[in-house]
Every structure is written in structure tokens, then in C-alpha cells.
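Encoded as C-alpha cells, the structure appears first; notes follow it.
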Amino acid sequence: MKVAYKKERVHSRRLAKQLSISEKDALKKVMEIAAGNQSLNTLVNARRQEADHALAKTIAAKQAKADARAKKNTENMPDPSAWLAWFDGATHPNPGKMGIGGLLKNPDGDVITSISYAAGQGDSSVAEYLALFAVLQAAVNARSKKLIIYGDSRVVLDDVQTKTAGAPILGSHRTRARELIAQLNDVTFIWIPRRKNSMADALSQQAIKLPSTYMPA
């Protein structure tokens, strides 16, 4: 009987050996005992309903998880009308020689601007801000109306979006970034881990080897 519980099957096997009867007959005896005052058919039907209910709950739970994943994936997908930008700043050592990297793509996915410049001496936060300036200026030049910017620097992303005074040492950079942002209609910042910012990271690391030619806009 498929509706028998595991412990009932174990007990029936033992009973079959003790009484020298088939496991099927032994299981029937065990199930009759489990049924008590009700008929065996009543117990079997109740167990089947119980199993159907459990299966329905499992299917519903799996569907709910699938729906939640689909919703999350949809929410994480960028607006198809938005321009996309990635920025990254590198220093060797820190502070030291700065390299900045960035990419700007139009809504069709075409790379409009690729940025890889050495940018003098400074620390990692300054390098990140200079890289942000570069992609913002590229977006302004391209007249993008909606822009999503990805970066792996929590320091800079938090600083440029802060509603309070922000870090005093980064004040002039924050002001410049906001001036560029004001020239764009809609800008969204999204933090990503460094491993997902590999394109901009590679461009910034490559820039470390170049002569210092970049001047902030």
C-alpha cells in the first residue's frame, strides 16, 4: 500500500518474518491495526487525501519560489530605454598613481564610450570619483536622457547620493559630480561587487601603465 508510513512498512517486514507470511499480508494486518475502529478503506482514502494535500502544498511552494525568482529577475533588469555606464578607479599603490576606467552603452547595447586614462596621483576614492566624472561627462556629451550607473565603490556611491554633508575631504568632488548629474534628466546609481565590474576594472588597471593625460571635466 503506497499510503503506508515508513514505520508501518518496517513493522510489516518484521511481522512477515515472525509469522512466515508475505509482506503484503503483513502490511495489511499492520494497516488494519492502524485503522482502529474505522474500515481499512476509510483509512486508505484519508491517507490518499493527506498525500494529495501535501503534494499540492509542495507544488504551490515551488511555484511561489519560481514566481519570486522571476519577479526579482524582472526587477533587476535595467530599463530598456536607459543608457548604461560602469566606472572604476584604481591606484598603485594607495595613494599612488591613479587609473580610471569606464564604459557607456546606449539602449541598444552599443559601446559609445570606452574610458581608460591615467589620472595623476591620488587615493582610491579620488580615482573612483574621477572615473565617475568621466562616465557622467560622456553621458552628458551623448545627451542620454536616462542613465543607470554601476560601480563597486560604496564610498563614492554613498557619498554622491548622501543627503547630509558627506565626507568633507570629498566635498569638491561631490559637488562636481552633482553638477554633471544635474545636466542629465534621470540618473540611478547601483552598487555591484567588483567581480561584476570587471570591464571597468580592467580599463582602470590598464590605465595605470599609461602616461597621465586625463584632466577632470
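Here the stretch 91-110 is scanned for amide nitrogen atoms under 14 Å from the site 7 Å beyond the Cα of N185 along Cα-to-Cβ, giving 107. Taking the stretch 51-208 as the region of interest, the number of lysine pairs whose Cα atoms are within less than 23 Å, with members eight or more places apart or on different chains, is 14. For the chain, the longest principal axis of the C-alpha atoms and the axis of helix 198-207 are separated by about 30°. In the stretch 101-155, the inverse of the mean reciprocal separation of distinct Cα atoms equals 12.0 Å; this is its Kirkwood hydrodynamic radius. Couplings 3J(HN,Hα) for the stretch 114-131, derived from phi with the Karplus relation 6.51 cos²θ - 1.76 cosθ + 1.60 (θ = phi - 60°), are 10, 10, 7, 10, 7, 9, x, 10, x, 9, 5, 5, 5, 4, 5, 5, 4, 5 Hz, where x marks Gly and Pro. Across the protein chains, with a 1.4 Å probe defining accessible surface, the residues E50, E8 rank E50, E8 from largest area downward. When a 1.4 Å probe is rolled over the protein heavy atoms, the share of accessible surface on the chain that falls to carbon and sulfur comes to 54 percent. For A60 and K6, a Förster radius of 25 Å and the Cβ-Cβ distance give a FRET efficiency of 0.55, rounded to the nearest 0.05.
Peptides 136-149, 87-100, ordered by how many other C-beta atoms sit within 10 Å of their residues on average, highest first, read 87-100, 136-149.
If you find the alpha carbon centre of the stretch 156-217 and of the stretch 1-41, how far apart are they in angstrom? With the stretch 156-217 and the stretch 1-41 each reduced to a Cα centre, they are spaced 72 Å. The Rg/Rh ratio of the stretch 1-160, with Rg taken over Cα atoms and Rh as the Kirkwood radius over Cα pairs, comes to 1.54. Of the residues R48, R13, the one with the largest accessible area comes first in the ranking R48, R13, computed with a 1.4 Å probe on protein heavy atoms.
The values are calculated or read from the model by the stated rules, or taken from the named source; none is laboratory data. Since this is a predicted model, take the numbers as computed values, not measurements. Methodologically, a virtual Cβ is constructed for each residue, glycine included, from the backbone with ideal geometry; neighbour enumeration extends over all protein chains shown. The accessibility values were calculated without ligands, DNA or RNA, using every heavy atom of the protein model including side chains. Shrake-Rupley method; radii C 1.70, N 1.55, O 1.52, S 1.80 Å.
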